[in-house]
Structures are given as C-alpha cells and as structure tokens.
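What follows is a short report on a single structure.
Nothing in this text is a laboratory measurement; each read-out follows from the coordinates by a stated rule. These numbers come from a predicted model, not from an experiment. Methodologically, a virtual Cβ is constructed for each residue, glycine included, from the backbone with ideal geometry; neighbour enumeration extends over all protein chains shown.
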C-alpha cells in the first residue's frame with residue numbers, strides 16, 4: 001500500500017460541509033501561490049507581479065464568500081480538509097518547480113490553476129442540494145471560467161505593448177544567461193574535451209570495456225568540475241546571470257551528457273562497430289552544438305559549424321594519433 005493513500009477520502013463521499021471547507025482551503029492556497037508568483041517576479045517583472053497580486057485578491061474574495069456561506073450554514077468552526085486529503089483531487093505544482101521555467105510558464109500554470117478550480121466548482125455544485133450553496137458554487141465556477149479572460153484583461157491593463165515586449169525580452173535573456181549559455185559551454189566542453197582521452201584509449205587498447213570506463217570517468221569528472229567551476233565563478237548578483245546553482249547544474253549535466261554520448265557506444269563489444277557509432281555520435285553532437293549556437297546565441301551557422309567542427313576534428317586527431325602511437 002502507498003503510505004497515506006488509504007486515508008484519503010473520495011470526493012463523492014464528502015459532505016456539503018466538507019466540500020465547502022475544501023473550497024475554502026483551496027482558495028487560500030491559490031491566493032498564496034499567486035502572491036508567491038508576484039513576489040518572485042517583482043524585481044524583474046513588476047507589471048506581471050501586479051497582475052498576480054490582483055488575481056490573489058480575487059481568490060481572497062472567493063474565500064470570503066465561501067466562509068460567509070459556511071458560517072451561515074454550519075457555524076464558525078471550519079474543519080481542516082485540503083486537496084491532499086481527497087483521492088483523485090487535482091494538485092498544485094510546488095512553486096519552486098515553476099519558477100525555474102520562466103515567466104511564460106508561470107502564466108500558463110496560472111491558467112491551468114483556473115481551469116482546475118472551474119472543474120472543481122462545477123463538480124461540487126452538482127453534488128450539493130442546498131440552493132444557496134449550489135448557487136455560490138455555480139457562480140464561482142463561472143468566475144473561474146472567466147479568470148483566463150480576467151487574466152488577459154489584467155494583463156492588458158497592467159502591460160502596454162512596450163512593457164510586455166520588454167518583459168518577454170528580459171525573460172528570454174535571463175533564460176539564455178542562466179540555462180542556455182552554461183549548458184552550451186558544458187556541452188561543448190564535454191563533447192570536445194573528452195574526445196582525446198576516449199579515442200586515445202580506444203586506439204591504444206582496442207578494448208571496448210576499458211574505453212568505456214575511461215570515457216565514463218572522463219565525462220563524470222568533467223561534469224563535476226565544470227559544474228562547480230560555473231557555480232563558483234559568479235554568484236550572479238552583479239552579472240545578472242542568475243542562480244549559480246542553476247548555472248552549475250546546467251553546465252555539469254550537459255558536460256556529462258556531451259562526454260557520455262561517444263563513450264556509451266563502447267558498451268558494444270566489437271571495437272570497430274563501437275568506434276564507427278562513436279564517430280557518428282560525435283558528428284551529431286558537433287552539429288547540434290552549432291545549431292544551438294545559431295538559434296540561441298545568434299552565431300552565424302556556418303561560422304559556428306566551422307569553429308565547432310574544426311575544434312572537434314583537431315581534438316579527435318590528437319587523441320587518435322596519440323593512441324595509435
């Protein structure tokens with residue numbers, strides 16, 4: 001049995017008192033989430049932060065109306081029942097998972113929150129028999145259905161075209177600085193710098209397992225080194241490059257992936273089959289790096305391809321020559 005699951009209630013088994021209590025706690029949670037979004041965005045996206053503050057105020061108003069109805073029907077004591085207490089009830093992603101994905105993802109998450117709330121109120125309204133309760137839940141379902149339009153209206157009020165363009169440009173720039181740039185540096189380092197040791201060992205020993213172990217060690221070691229170097233080199237406060245942890249993670253993971261790409265083929269026991277596949281992987285890696293440089297760093301594709309392919313070819317040649325000698 002999964003711990004905690006057996007203790008959950010099915011939604012259809014909830015009383016009207018419990019449904020209202022669940023609605024109250026859900027509105028409280030959503031208001032907190034919107035205010036967390038506003039707090040995260042305030043420094044860099046003040047206009048969008050204002051939008052989420054207003055959406056939190058809307059949730060506060062819903063909660064007030066629900067509490068007034070609850071007190072009129074059931075008294076002042078509201079039982080504690082939350083989303084996680086109800087089997088199959090929709091969940092909210094932790095705020096820290098969404099904040100790492102940027103402004104556009106936060107806006108999309110907010111729209112999904114409103115759709116989830118709409119379905120809940122529609123289901124809750126169908127489960128109640130009290131006229132006043134049914135009316136309020138139906139009104140809230142309609143309000144949540146209109147919140148996507150409300151969010152668009154708030155966006156239009158708070159963000160003129162120049163402000164919206166500036167915020168989107170700043171979000172894109174931050175994504176590039178925090179994730180793409182260190183990740184690309186890691187991918188280049190892992191793909192190119194590990195070519196020499198891997199192919200030197202491959203041609204020196206023609207032992208696929210030994211080559212794989214060297215490639216694995218080189219890739220993981222380079223990933224750890226690159227990750228710590230990126231994180232320690234700049235705390236992001238002055239440069240504006242963002243969290244050192246995020247940058248270090250991007251650089252470290254991509255460095256490891258870049259090295260493992262041409263180490264994994266040596267799990268194949270036939271030396272020449274593994275080597276040919278490794279050649280193909282290296283070719284794909286280098287062209288992928290050139291494409292990323294062209295797409296995100298605005299480097300002309302031919303120049304990026306020349307730099308990466310030439311550099312990779314020189315490192316590979318050095319490793320092959322040393323190994324063959």
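Which log10 I(q)/I(0) values does region 180-325 give at q = 0.12, 0.17, 0.22 Å⁻¹ under the Debye formula, counting every alpha carbon as one identical point scatterer?
Listed by q, the Debye log ratios stand at -0.49, -0.90, -1.25.
For region 5-159, what class follows from the C-alpha gyration tensor (a ≥ b ≥ c being the square roots of its eigenvalues): rounded when a/c is under 1.5, otherwise prolate if a/b is larger than b/c, else oblate?
prolate
Be a star and scan region 212-233 for residues whose amide nitrogen sits under 18 Å from the point 7 Å along the Cα-to-Cβ vector of residue 177.
230-233
Between residue 303 and residue 15, what length comes free when the chain is fully extended (0.36 nm per residue of separation minus the Cα-Cα distance, one decimal in nm)?
On the way: separation 288, 0.36 × 288 = 103.68 nm, distance 6.75 nm.
Length difference between fully extended and current span is 96.9 nm.
At 7 Å along the Cα-to-beta-carbon direction for both residue 142 and residue 77, put a label point, then send me their distance in nm to one decimal.
Label-label distance for residue 142 and residue 77, simple model: 3.6 nm.
What length, rounded to one decimal in nm, is gained on full extension from residue 313 through to residue 243, with 0.36 nm per residue of separation minus their alpha-carbon distance?
21.8 nm
Which of 146, 248, 223 ends up with the largest GNM mean-square fluctuation for the chain, with Cα atoms connected below 10 Å?
146
If the elastic network links every pair of Cα atoms under 10 Å, which of 41, 137, 302 fluctuates the most in the Gaussian network model of the chain?
Answer for the Gaussian network model of the chain: 302.
Compute the angle between helix 271-296 and the longest alpha-carbon principal axis of the chain, please, reported from 0 to 90 degrees and rounded to the nearest 10.
60 degrees
Once you put a point 7 Å from the Cα of residue 43 and another 7 Å from the Cα of residue 209, both along the Cβ direction, what distance in nm separates them?
The modelled label-to-label distance comes out at 5.2 nm.
With runs of 4+ DSSP H residues as the only contributors, calculate the mean residue ellipticity of the chain at 222 nm using -39,500 (n - 2.57) per run, divided by the residue total and rounded to the nearest 500. Could the numbers behind the result be given before it?
Details: 13 runs with 240 residues, N = 325.
Value at 222 nm, helices only: -25000 deg cm²/dmol.
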